[in-house]
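Undergrad: Below is a structure I'd like to ask you about.
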Amino acid sequence: MKLFPLLVVVIVLAFLIGSDSLFYLAYVLAGLWLLTVIWMRQALTGLRIERRFPARAFHGEVAQARLVVRNPGRWPVPWLKLHESLPLDLHVPNFEQRVVSLASKEQVALDYQLRCWRRGYYMIGPLSLLTGDYFDLTSRRQVTWPAQPFIVYPRVVPLSHMGLPSQLPFGNLPSQRRIFQDPSRFFGVRDYMPGDSLRQIHWKSSARTNQLQVKRFQPAIALNAMVVLNLNDGDYALRSRAASEMGIVVAASVAAHLIERRQPVGLAVLGMDAVTQQAGLQVIPPVRGRDQLMRLLEVLARAELAATTPFVQSLDQASVKLGWGSTAVVITPGAGPHMEEALLQMRRRGVHVLLVATDPLTAFRAFQAQLEQIGIPAYWVTNDQDLDVWR
């Protein structure tokens, strides 16, 4: 029985009977009730909460999280129940809870781990705080601390080579094609041959050997690449939704492979952003650097399947800013209506196209043969073993 109803009963009886003892008891109960109400109100409003964990983590990591509850006031908290809600993909069970007591100026910590085995955008929390007095004389009080975002990057499979084509004359990737030479990559001299430009003569070496020598430059190509990922819900069969996750792994791995080789890489994702809840095509222009890789991985971590416009319509929009000689890595579950025509149109604009199909149920071999006839390489990547072709 709560204290306030008991107080009302005692006061009524005191007036009916006229007992001084009951009036005295009513005064004591009223004072105890008022003190308990003020105590419980101050106990929760004065608490300080801090949640400590990394905002982002890579796939496969175990992130350490700590929840710190501090009582800076002068009112002790007799008991406090902490209930932290957690995503089931990161923690089993999907909560952490503990009952503690806090003296004045005291703090307690609740430690737990987040196992990052699945990429995504998660919310850690909310935290529920419940308290009451020792004898349960007043109603329990509860407050909620808001949740905080946590991002797990998609899995990145290390690749050693891809052999992506390019027609741009200068870049950072060594090439066996001797058509282009990069004048910034000098690596020696050779004997002069008829037809060599006089501007390439190395005069110091020629004077030393008493024979004309010309400069040698390492051939190189530049890969301005755009990774185009199809997460249109209608293009995936109900029995092969895992193909979308494989597509995200391929996109992350290709982007990491090229950025590690100092190439400008962009990303175009047709799907939905888990943060903005907006469905459609999201395009990030090609840029070099590790900051670009982190940005691409975050976009892929937040990407979800969604019902959007047809993928073939988005292909043109995704590649319209790619210059002549650039490369587009198109990742899609499989063949779709007018897909071959859309890829051929990209080829005609001077964009090299490589297609990766991720749906194990698609009729890939026939589609691959059609693409090979128009000079577009195609790969069927449905699991990690299929990525061995690029390792």
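The values are calculated or read from the model by the stated rules, or taken from the named source; none is laboratory data. Bear in mind that the values here come from a model prediction, so they are computed numbers and not experimental data. In this analysis, Cβ positions are derived from the backbone assuming ideal geometry, glycine residues included, and neighbour counts consider all displayed protein chains.
Undergrad: What is the number of the single condition among (1) farther than 30 Å from Leu361 by Cα; (2) surrounded by 15 or more Cβ atoms within 10 Å (Cβ to Cβ); (3) in contact with a Lys or Arg (Cβ under 8 Å, 6 or more places away or on another chain) that Ala252 does not meet?
TA: (1)
Undergrad: Within the range 378-385, can one find any residue that is hydroxyl-bearing (Ser, Thr, Tyr), more than 21 Å from His161 (Cα to Cα) and not in a strand (DSSP E or B)?
TA: Taking every residue of the range 378-385 in turn, none turns out to be hydroxyl-bearing (Ser, Thr, Tyr), more than 21 Å from His161 (Cα to Cα) and not in a strand (DSSP E or B).
Undergrad: I need every pair where a residue in the range 82-102 that is free of Cβ contacts under 8 Å to residues at least 24 places away in the same chain and among the polar types (S, T, N, Q) has its Cβ under 8 Å from the Cβ of a residue that is surrounded by 15 or more Cβ atoms within 10 Å (Cβ to Cβ) and not in a strand (DSSP E or B), sequence separation at least 6 or different chains.
TA: Hits for this filter: Asn94/Leu86; Asn94/Pro87.
Undergrad: Right, next: Got a number for residues in the range 268-298 being surrounded by fewer than 19 Cβ atoms within 10 Å (Cβ to Cβ), of a type outside the set (Gly, Ala, Ser) and within 14 Å of the chain's Cα centre (by Cα)?
TA: Residues that pass the stated criteria total 7.
Undergrad: Another question, if that's okay. In the range 119-134, which residues are surrounded by fewer than 18 Cβ atoms within 10 Å (Cβ to Cβ) and either small (Gly, Ala, Ser) or modelled with pLDDT under 95 (or both)?
TA: Ser128, Leu130, Tyr134 - these are the residues of the range 119-134 that are surrounded by fewer than 18 Cβ atoms within 10 Å (Cβ to Cβ) and either small (Gly, Ala, Ser) or modelled with pLDDT under 95 (or both).
Undergrad: Here's a follow-up. Where residues in the range 253-271 are assigned to a strand (DSSP E or B) and small (Gly, Ala, Ser), which of them is farthest from Leu297 (Cα to Cα)?
TA: Checking each candidate, the answer is Gly271.
Undergrad: Same structure again: Could you check the range 49-86 and list, in sequence order, the residues that are under 15 Å from the mean Cα position of the chain (by Cα) and either of a type in the set (A, V, I, L, M, F, W, C) or outside any strand (DSSP E or B) (or both)?
TA: Matches in the range 49-86: Pro54, Ala55, Ala57, Phe58, His59, Gly60, Glu61, Ala63.
Undergrad: Another question, if that's okay. Considering every residue within the range 220-238, establish whether at least one is at pLDDT below 85, over 40 Å from the mean Cα position of the chain (by Cα) and farther than 22 Å from Thr332 by Cα. Working first, answer last.
TA: Of the range 220-238, the ones at pLDDT below 85 are 220-224, 237-238.
Next, only the ones that are over 40 Å from the mean Cα position of the chain (by Cα) stay: none.
No.
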